[in-house]
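Participant: Attaching a single structure in structure tokens format; questions to follow.
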Amino acid sequence: MKFDPRIQPSIDYMDSHLLEELDLEDVARQSGYSLSSFYRFFQALTGFTLKVYIRNRRLAYAARQLVFTRRRILDIALDAGFHSQEVFHRAFVSLHGIPPGEYRRTRKASVEQLDRMDAFARRLEENHHRSMPQIPVRADIIRRGWVHLAGLEIQTTVAENIDTLCISRFWQESFLPRLAEIPHRLVPNMLAAYEVTDPRDDTLLHFACVEVDSPQPLPGFCMRSLEPGYYAAFTPRRPLNPLEYVVLVQFAYGEWFPMSGCEIRAPFTMDLYIDQPTRDGRSTIPQMTVLVPIHPPPPARQDGSLPPYAASLTGVVHRPD
């Protein structure tokens, strides 16, 4: 994933030398900074300290080795730059919440799901050659209680929506004209979209909706209720067009999840569109947040100690194979 261009040369350098002994002064020099300046700049732009970024990238590599190879855990640990299996074990549990051996036994399906979504988004991006500006995005972990949604559904495909903007038309022609018919909205300045995408055939269920205070059925509308749980929350600086949204999917499934140690718990996303008032109160600024349901993160991260992971979305993705 493209980061801020001021540190991208160092990101590229670390990715291409990930399994080697990295000299941090060399890393900083790739972007033209002293090491002390680069430390501060890197954390401000990515949400990670430099050492934690390198460690998590190596642990993401190790996680894939665990589920897709039968190599010994010790060999994987040494290959990833950890000097002993004990040190690797502690770092792995700190990030993923479970030991490497248990991860190997239980997480293959989860890693394959990330791969399918990441590959699907990459194919779509490659098939639609359009230049896009950089869009900073912030990632956090949040917890929500019961969520009750009321609205209207449309079946389409991701590719069709990129080409024809059919979901936008559905909102303008079908959902928004009936919005006033939905009573007991919890957040008057918020709209939502619940989506389920199947990367195998590109089908997309889009549920244009609002959050209401109870699951009581409403005549003429679809209803869904989401159980309490944790979410990975991705907030770009501005709402995204359909192709830019695809690149956000690449960031989430190809970059953030492998680096965070979090595991997806359900195959849907929920987009929130909130009109935030400006400081003077005379107008509003649209804000978009994409929620992906996750299993409870390790206890150390449930108190907000996981730093926000910041990157810039672009049409070009850089990630080691």
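Participant: Tell me the volume per residue, in Å³, of the convex hull enclosing the alpha carbons of the stretch 8-110.
Facilitator: Details: hull volume 10.9 nm³, N = 103.
Spread over its residues, the Cα hull of the stretch 8-110 gives 106 Å³ apiece.
Participant: Something else: May I ask you to list the trypsin sites (Lys or Arg not before Pro) in the stretch 154-218 that are in a DSSP loop and have at most 13 other Cβ atoms within 10 Å of their Cβ? Could the numbers behind the result be given before it?
Facilitator: Numbers: sites: Arg169, Arg178, Arg185, Arg200; in loops: Arg200.
Those satisfying the criteria are Arg200.
Participant: Over all directions, the average projected area of the alpha-carbon convex hull for the stretch 135-313 comes to how many nm²?
Facilitator: For the Cα atoms of the stretch 135-313, the hull's average projected area reads 11.2 nm².
Participant: Now for a different question. Give me the number: length gained by fully extending Val52 to Arg72, i.e. 0.36 nm times residue separation minus the C-alpha to C-alpha distance, one decimal in nm.
Facilitator: Net length gain for the segment: 4.8 nm.
Participant: How tilted is helix 85-96 with respect to the longest principal axis of the chain? Cα atoms for both, answer in degrees (0 to 90, nearest 10).
Facilitator: 10 degrees
Participant: Another one. Can you pull the one-decimal nm distance between simple spin-label points at Asn189 and Gln276, each 7 Å off the Cα toward Cβ?
Facilitator: Each label point lies 7 Å from its Cα, and together they span 1.0 nm.
Participant: Show me the chymotrypsin sites (Phe, Trp or Tyr not before Pro) within the stretch 127-224 that DSSP assigns to loop and that have at most 14 other Cβ atoms within 10 Å of their Cβ.
Facilitator: Trp146
Participant: So what's Rg/Rh here for the chain, counting alpha carbon atoms and using the Kirkwood radius for Rh?
Facilitator: On the way: Rg = 20.9 Å, Rh = 21.2 Å.
That ratio is 0.99, to two decimals.
Laboratory data are not the source of any read-out in this text; all were calculated from the coordinates shown. For clarity, every value in this text was computed on a predicted model and none was experimentally measured. Because the Cβ atoms are built from the backbone with ideal geometry, glycine has one as well, and the counts that use them run over all protein chains shown.
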